[in-house]
Each structure stands twice: as structure tokens, then as C-alpha cells.
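**Q** Let me give you the structure first, and then I'll get to my questions.
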Amino acid sequence: YPAVYDPATPAGSLHLRAVEVLEGNWTGASTVPSRGLYPHQWSWDSAFIAIGLRHVSPRRAQTELETLLDAQWDDGRIPHIVFNPSVPLDAYFPSPDFWRSSTAGRAAGAPRTVQTSGIVQPPVHALAAWLVHCADPGLSRARGFLARVYPRLAAWHRYLLHRRDLGGGGLVSVVHPWEQGMDNAPSWDAPLSRITPAPARSFRRADLDHGAAEDRPTDLDYGRYVRLATDYRDGGYRDGPGEGHGVGHSEFAVEDPSFNALLIASEHALARIAHELGATGTARHARAARLTATLVERLWDPVEGLFFCRDVRGGELIRERGVSGLVPLLLPGLPREVAAALVRTLRGPHFGLGTATRLAPSYDLLGEAFDPHRYWRGPAWFNTSWLLERGLRVHGERSRADALREAVLEIAGTSEFAEYVDPYTGEACGTTGFSWTAALTLDLLH
Ligand code: 9WN
């Protein structure tokens, strides 16, 4: 790809710089989100990374997903972290000795040879696998890539839909804020307030060795994260009273629009994969359509023009406006009026896209909890921007998608591929050289 090495064009150099970030974070079998802050393999990071990596090395993109899937549990769950055994235990908290997957997770079928966490992350994987295949179908067929990953991805979706329908209404619940991926989003404040935090002295936050405290979650948040994860572990990572639906054991159970929308997008991708492998895929497309209807029925608020989280324990919608409520724009089967309202909300005063901001903030600009630097309580992230860019394009909003794409490329470059940025100024927050920022930059350059 000559453009990469063309120093005359700024796009070429951005491409090269993004490739360098991914090279630097590659460990030989997968890519770390960032060398210092996140020195292991993360689930949804790897999916986004594979989506970008496919333009540079389709082979490595396949390996990225295969390495993650090798750590899948027998019950179908894909763990949110796969630990690198050569990294010291104190480099990241919670470490493998906290999760104890191979002992505490034995009943759920945790792998014996590799240490993992016991919670999950958003199911972007089937979408990623399909896109990786499309980048080089010849190589993919020669290696039997889709044939190998399909049964694993199908088991993953089965786990979520059968073991995690804690609300009994057909959607998947997360049992920990880390599962949804937007760790300290204000939507979690109400359901988390019921959780007794673990004492601060009972754990050591390795994240503060690498990130500024004011960019990260608080100690009180961490106390609650630790309590929830400890209880889940001590319950053997069991999800519910048995097969089928029910509220399960977790004190924290939330139906989240972004998590469920990503599952639906991945279910459509799984249908395409099934078709490529010789089946019709019709049943999966139909299931994705049914899930889309359920998502609208359970989480859509027509007055606000936004999806909200549902607190399964309390039963009500959590009325905090977060970017998670915009992510369903990604779905092609969304009713036309829902898509149109989402675009209005994206551009309106709460997210300000195209007026106050160039990248959508993670949380309501006018919300009481808004903080432009604190992680998922305001900063703009690149994965959500990538998803919204796709959503705008899917629904025919071409010029707005083009503007968002331009903003992502420019701000990814000026921020040194930051983990997240101040949504007003584009100033880098968290860590730099962040893998999914580089990977999704590469995808948008193609
Ligand atoms: C906990 C790796 C992950 C992302 C999440 C992001 C952050 C971890 C942490 O980093 O979470 O999983 O230690 O804060 O919130 O979305 O996958 O990049």
C-alpha cells in the first residue's frame, strides 16, 4: 500500500502513525489496548482492533480474534480480559489472582491453560469477524477462518441470550459496569448506589500508576466494582437460577442499549457468516429483527428521542442521557422515526454534534454529572464515534457522517491516538497510543 509510505500526504502519515501504534502494542498473538495502562488482551478492544488491523494484515486480524476465542469458556462466555502470563501481577488490577478463573470458574467451564476475568464485554466480535473476512476472503477461506469461529460466536450469542436475559424480556443484562465497557457512566450511579463498596484498603489501584486520578473513576466507584466482581466470583460466576430467564443472583443487573445494539449488529453479521458457510442465515436475520423491536419496546423513549438503560432490579428506566443511548443508530432495521429522532438528539443541545462538539461526548453536556475529562462521564471516545459514523451512513446521513469521519481522523492524529478526549477542545485524556483509536482511524482511512 504505497499511500502508507507517501510522506507527502498527511493522510499517509496518519496511516503510518496508526500502524506504528498497533505494531508497538502487538504481543505476537494479540494486541494490548495500551502498553502501560492495559497490558493484557481485552475483549471488545480486540474486536475494534481487528476491524482496523484487517487493512494492514488480514492474517494478524484473524489471529487477534482467534486468540481471544481460544479463551472462551465452555458455557459460551468470552471473558473481558485474557491475561498475559508474562506480565507481573501488580501491573494491572484486578489481576488473575483476583478473578481465579481456573478454580472459581471451573463449573462454568473456564479454560485451564489461560487465566481470564469472569465477566464479559460488548459482543462486537461477530461483526469484527465478518469485516475481517471481507478484507481478504481468499485468505479467510484458505484458513477456514469463518468455519472455525462461527460455532464459537454462535455459542457466545447463545450464552448472552439464554443466560443473561435477567429481566426476562428478551434483552441481555450486564452484571457489572465493566461488562458494558463504559465503566463510570452516570447511568450506573443509581444501580451502583445500592452496592456496599469493598474497603479502599482491600485493593491497590494499578491504574493510578499510569493515568491521572481526575481522568479515572473514583475510589468509591472502584470499591463497588470490586464488591460486585468478588460476589460474582464467589458465586462461581453462575448467572441465574438455571436454564432460561430469571433475575439471577446479581444485585446489579442493567439492560443497556449499546450492549444490546452491538449484539443485534453482530447477529446480523452472524447471519452473513452462516450464509457464506452455505446456510441461509434467514433465522438469524429474523432474530436480529425481533431483538431490534424488543430494544425499542423496552428501552426507547420517544419524548427524549433517546434509548435509556433499564435497571432490572428496580424495574425502571435510568433517565441519564449517555452516548450508549445513541449507539443503536447503527442498526439498519431501526424504525425510520426512531433513527430520525436519534440524529436530532445527536445534534441537539445534549450532545451538540456539529455545533458545540465535533465528536459526540460520552454523556449529556448539560447533565449534572458532566465532566469533560473524567472517563465515561463526558469525554468523547473513538469507538463510539466510529459506531455513530457508521450509523449516520446506514441511515443516509452522508454529509454528517463525512464530517464526523473528518473529525475522528483529525483529532485522533492531533491527540496522539488518545484513549479519550475533551469533547470541546479535543485535548487528550487517559493514555495515548491507544489501540482502538489507531485501529478505527485506519478503518476510516480506507
Ligand atoms: C476495565 C481496555 C478497557 C476498555 C473499557 C474501558 C477500560 C478497564 C479499566 O479499559 O476499562 O475493563 O481498567 O478501566 O472503560 O471500555 O475495554 O481498553
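Each reported figure results from applying straightforward, stated rules to the coordinates on display, with no laboratory input. Keep in mind that this is a model prediction, so the values were computed, not measured. No Cβ is skipped: glycine too gets one built from the backbone with ideal geometry, and neighbour counts run over all protein chains shown.
**Q** Relative to 2.2 N^0.38 Å, what does the C-alpha radius of gyration of region 251-322 come to as a ratio? Two decimals please.
**A** 1.31
**Q** What ranking, highest mean first, results for peptides 44-57, 151-164 when packing means the other Cβ atoms within 10 Å averaged over each residue?
**A** 44-57, 151-164
**Q** Which one of L146, L445, G426 has its Cα pushed farthest toward the positive end of the charge dipole of the chain, where Lys and Arg give +1 and Asp and Glu give -1 at the Cβ?
**A** L146
**Q** Here's another thing I want to ask about it. Please compute the contact order of the chain in relative form: average sequence separation of alpha-carbon pairs under 8 Å and at least six residues apart, divided by the residue count, as a percent.
**A** Contact order relative to length: 17 percent.
**Q** Based on alpha-carbon centroids, what's the gap between region 177-245 and region 370-446 in Å, whole number please?
**A** First find each Cα centre; the distance between them is then 26 Å.
**Q** Non-local amide H neighbours of I318 (under 5 Å, H modeled in plane, Pro and chain starts lacking H): which ones?
**A** C309, R310, D311
**Q** Pick from G325, G36, G396: which is most flexible by mean-square fluctuation in a GNM of the chain where alpha carbon atoms under 10 Å apart are linked?
**A** So, out of G325, G36, G396, the one fluctuating most is G396.
**Q** If you don't mind, there's one more thing I want to ask. According to the square roots a ≥ b ≥ c of the eigenvalues of the Cα gyration tensor, what is the shape class of the chain, taking rounded for a/c under 1.5, prolate for a/b larger than b/c otherwise, and oblate for the remainder?
**A** Rounded.
**Q** Ok, one more. Only Lys, Arg, Asp and Glu count, each charged at its Cβ (+1, +1, -1, -1), so figure out the dipole size of region 167-273 about its Cα centre, rounded to 20 debye.
**A** In debye, rounded to 20, region 167-273 gives about 240.
**Q** Under the Karplus relation 6.51 cos²θ - 1.76 cosθ + 1.60, θ = phi - 60°, what is the ordered set of whole-Hz ³J(HN,Hα) values for region 92-100, x standing for Gly and Pro?
**A** Karplus-based 3J(HN,Hα) across region 92-100 equals 9, 10, x, 8, x, 6, 7, 6, 6 Hz.
**Q** Treat every Asp and Glu Cβ in the chain as -1 and every Lys and Arg Cβ as +1, leave all other atoms uncharged, and give the resulting dipole magnitude about the Cα centre to the nearest 20 debye.
**A** That gives a dipole near 1180 debye.
**Q** Separate question: Label R59 and D219 with points 7 Å out from Cα along Cα→Cβ: what is the distance between them in nm?
**A** My value for the distance between the label points is 5.0 nm.
**Q** While we're looking at this one, here's another question. In sequence order, what are the phi-derived ³J(HN,Hα) couplings for region 178-189 according to the Karplus relation 6.51 cos²θ - 1.76 cosθ + 1.60 with θ = phi - 60°, rounded to whole Hz, with x for glycine and proline?
**A** Running phi through 6.51 cos²θ - 1.76 cosθ + 1.60 with θ = phi - 60° gives 4, 5, 7, x, 10, 3, 10, 4, x, 4, 7, 4 Hz.
**Q** How large is the Kirkwood hydrodynamic radius of region 1-145, in angstrom, based on all distinct alpha carbon pairs?
**A** 16.1
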